[in-house]
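Engineer: Sharing a structure here in structure tokens format.
The values are calculated or read from the model by the stated rules, or taken from the named source; none is laboratory data. What you see is a predicted model, and the numbers here were worked out from it, not measured in a lab. For neighbour counting, all protein chains shown are included, and Cβ atoms are generated from backbone atoms with ideal geometry for every residue, glycine included. Each accessible area value is taken on the protein alone, full model and side chains, heavy atoms only, with ligands, DNA and RNA left out. Shrake-Rupley method; radii C 1.70, N 1.55, O 1.52, S 1.80 Å.
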Amino acid sequence: MTAADCPPGTAHVLTGYRPEDGFMAVELDPPPAEYVWHDENAEQQDQRYGPGVGYQQWLAVDARDGAVWFGDTDWRAPHESSGSRLPGSPRRALGDGAVLDPGIMVQLLGHLSHDEQRGCTWRFFSAEELHALAVRVLPAVQRLVDSMHRTGPEGELEWSAEAATAWDDIEQAATPAFDRSGELRWPRPRTTPVPAWRVEVGDFLDANPQLCDPSWELATDAELDAYADYSPQDGYGGVPGRICRDADQRIEEGFTFYGHRAALYAYRARACGDRTPTDACAWLETTEAGRATWEAAKPLGATLADVPDCVLASLAERFQDAAQAHGLALTGLTAYLRRLRGAERSAVDQQLVYEGKEVERLENMLKDFRAARNRTMTRILAWSDGREAAEIARLASLPEAYVSDWRARMTDEQTTTPPGP
């Protein structure tokens, strides 16, 4: 069973953050009241707010297992570094796609209220109040955890339309209000229906099957991830944006799409049926069954470099049939075989380059030796020492007729050369 098959957790307040635990994990340190103020008449910007105004309390939610806890930041530290002191990322920093590990999101709590009589007032919360807030948002957290997409073997988190709506409800429930007396009034928790402008990519594909790419059926995880990560400079990105660009169609403005990777993985899973999508390279190279299949199916007396496309396609079918017997569907198989063939052909190309250079080198050497041999033979013929052409030809490893012709040309040149002065 993969991580994506594991059931989500149950929303709960983390141990150590409950009254029955004595709040033993809570170390709230709000600034004293005299450090929290606002002077709208101050001339300098850095003098308008007290040093404790940057203090923040937060509510953290683990979208993977439903844990909820709370804490605060150090009001003495520079405000610019507050993000590094949070256990996770605020929702606005995450976008609507994948949620990076460990899947912890933070809701920053507001403390400022303002009215004409009292002006600006900061109200910080006690551990008991923060615990009460954590309990109040548990139903929305459970909805969030239940509806997050979990994709791939590791169950990577990805926003869904319902999960995004559930987080909106968490934000609403965690936005405090204060009455005229300054008493804290938390909003009533709500369960908001998913608005029409939030659209699941899976629903978009179901409504537009003609736009789906058949190659998704046996694409690798990496290929699906790259397709889902499509990000143009303008217009829609992700899967809807990519397929509409390829089909030269336009999506009406105003929608937000969720579950890009999840939709592609689900599409592939439906195409594979009861077979488990498995990377072809990993199965053929690292498993005993895969290696045995490769040895049994590889072409006899030839390498992949010599295999045409039709044979490569037949080989892919044999591999798929063998994998199906193990309950698997090999992803990226054709591309994998083409890469192997390309690598072998590239090696043959390099062999030809080497052989061509060697031939050129040897031909240059031969040219030099031939010239040297001819000079030596000319020297011997010039001696006119009575030796027959056959003897000299034997020494030079040449045909006798070649040496005879050479001697004749030398004789002709000597007879036609005019005498000196």
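Engineer: Given a 1.4 angstrom probe, what's the average accessible area per residue across the range 154-275, in square angstrom?
Structural biologist: Ligands and nucleic acids excluded, the figure is 53 Å² per residue.
Engineer: Let me ask something additional. Roughly what would the spin-label model give for Asp203 and Ile251, points 7 Å off Cα along C-beta, in nm?
Structural biologist: Here the modelled spin labels are 1.3 nm apart.
Engineer: Also, I was wondering about something else. Ser314 accessible area, nearest 10 Å², 1.4 Å probe?
Structural biologist: 60 Å²
Engineer: Ranked from highest to lowest mean number of other Cβ atoms within 10 Å per residue, what is the order of the peptides 287-296, 317-326? If you can, show how the numbers build up before the last one.
Structural biologist: Values: 287-296: 13.6, 317-326: 15.5.
Sorting 287-296, 317-326 by mean packing, highest first, produces 317-326, 287-296.
Engineer: In Å, what is the Rg of the alpha-carbon atoms in the chain, and how long is Dmax?
Structural biologist: 40.0, 136
Engineer: With an 8 Å cut-off on Cα pairs and a minimum separation of 6 or more residues, tell me the relative contact order of the chain in percent.
Structural biologist: With pairs under 8 Å counted, the relative contact order is 11 percent.
Engineer: Can you give me the relative contact order of the range 205-319 as a percent, contacts being Cα pairs under 8 Å and 6 or more apart?
Structural biologist: Relative contact order, the range 205-319: 21 percent.
Engineer: Can you pull the one-decimal nm distance between simple spin-label points at Glu288 and Asp368, each 7 Å off the Cα toward Cβ?
Structural biologist: 5.9 nm
Engineer: Apply 1/(1 + (r/R0)^6) to the Cβ-Cβ distance of Val353 and Asp306, taking R0 = 25 Å, and write down the FRET efficiency to the nearest 0.05.
Structural biologist: The computed FRET efficiency comes out at 0.85.
Engineer: Give the shape of the range 341-421 as rounded, prolate or oblate, defined through the alpha-carbon gyration tensor: a ≥ b ≥ c are the square roots of its eigenvalues, a/c under 1.5 means rounded, and otherwise the shape is prolate if a/b is larger than b/c and oblate if not.
Structural biologist: Prolate.
Engineer: According to the square roots a ≥ b ≥ c of the eigenvalues of the Cα gyration tensor, what is the shape class of the range 118-258, taking rounded for a/c under 1.5, prolate for a/b larger than b/c otherwise, and oblate for the remainder?
Structural biologist: Since a/c reaches 1.5 and a/b is larger than b/c, the shape of the range 118-258 is classed as prolate.
Engineer: Provide the packing ranking of 332-340, 53-61, i.e. peptides ordered by the mean count of other C-beta atoms within 10 Å per residue, highest first.
Structural biologist: Order by mean packing, descending: 53-61, 332-340.
Engineer: Using the per-residue mean of other Cβ atoms lying within 10 Å as a proxy for protection, in what order, highest first, do the peptides 162-175, 378-391 fall?
Structural biologist: The densest-packed peptide leads the list: 162-175, 378-391.
Engineer: Any idea how far apart Arg379 and Arg338 come out in nm if each label point goes 7 Å out from Cα toward Cβ?
Structural biologist: 6.3 nm
Engineer: With a 1.4 Å probe and every protein chain kept in, tell me what percent of the accessible surface of the range 335-421 is carbon plus sulfur.
Structural biologist: 57 percent
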